[in-house]
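Participant: Pasting a structure here, questions to come.
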Amino acid sequence: MTNETNETSQTSRPRAGRSARITRFVLTVVIATLLGPLVGTVLLMLRRIALDVAHSEFDAADIRGMAILFTLSAYVVGGVIAFAAGLIVAITGLWRQPTFPIILAAIVVANVGYYLLGQHMVSYGPAGLLQSTLVSLVAGAIIWLIFRRYLWRP
């Protein structure tokens with residue numbers, strides 16, 4: 001019996017089974033929902049601290065309260081947006097490999113959708129939509145750079 005008759009080669013890559021696809025789907029949504037608002041919190045806090053330093057109003061004692069306030073607000077508003085964007089990317093990932101433009105488009109669609117559907121709950125206006133979209137895009141890019149190798153299909 002030779003190696004040519006053996007149908008399974010040690011050099012061939014295994015195909016992704018159903019459980020691998022489900023795991024990838026769930027992890028895409030979980031990573032986006034948990035890390036998106038966290039990265040957004042850090043970005044908004046750094047921006048606020050830079051503005052306070054520029055206006056000579058920075059007080060180090062305010063950092064703890066600022067961290068709590070920014071984290072809570074980021075997860076209340078940004079958590080919904082991150083979940084929606086992660087869900088869009090995960091659903092798209094069922095048919096094709098998620099790419100950077102797909103992730104950015106999902107982030108924009110999630111932000112605009114939240115703005116249109118949730119405007120009566122959180123009235124932050126067009127300027128808030130722009131800020132939310134920009135922070136979400138930067139957070140999505142950072143998360144993409146960290147986790148992009150895990151989105152590749154085996």
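Here, each number is a calculation from the coordinates, and none is a lab measurement. Since the structure is predicted, the reported quantities are computational estimates derived from the model, not experimental observations. For neighbour counting, all protein chains shown are included, and Cβ atoms are generated from backbone atoms with ideal geometry for every residue, glycine included.
Participant: Please give, to one decimal in nm, the separation of the simple spin-label points placed at Arg18 and Asp59, each 7 Å out from Cα toward the Cβ.
Facilitator: Distance between label points: 6.0 nm.
Participant: Express the relative contact order of segment 18-150 as a whole percentage, based on alpha carbon pairs under 8 Å and six or more residues apart in sequence. Could the numbers behind the result be given before it?
Facilitator: Details: 107 pairs, mean separation 44.8, N = 133.
Dividing the mean separation by the residue count of segment 18-150 yields 34 percent.
Participant: Along its three principal axes, how long is segment 18-150 when you only count alpha carbons? Whole Å, largest extent first please.
Facilitator: 55, 32, 22
Participant: In nm, give the distance between the simple-model label positions of Thr99 and Arg47, each being 7 Å from the Cα along the Cα-to-Cβ direction.
Facilitator: A separation of 2.9 nm, rounded to one decimal place.
Participant: Apply 1/(1 + (r/R0)^6) to the Cβ-Cβ distance of Leu116 and Ile146, taking R0 = 30 Å, and write down the FRET efficiency to the nearest 0.05. Present the calculation step by step, with values, prior to reporting the outcome.
Facilitator: Working: r = 30 Å, r/R0 = 1.00.
That pair, Leu116 with Ile146, gives E of 0.50.
Participant: Please go through segment 61-154 and write out the chymotrypsin sites (Phe, Trp or Tyr not before Pro) that DSSP classes as loop and that have at most 15 other C-beta atoms within 10 Å. All intermediate terms of the calculation are to be shown ahead of the outcome.
Facilitator: Details: sites: Phe70, Tyr75, Phe83, Trp95, Tyr114, Tyr115, Tyr124, Trp144, Phe147, Tyr150, Trp152; in loops: Trp95, Tyr124, Trp152.
Those that pass, being in a loop and sparsely packed, are Trp95, Tyr124, Trp152.
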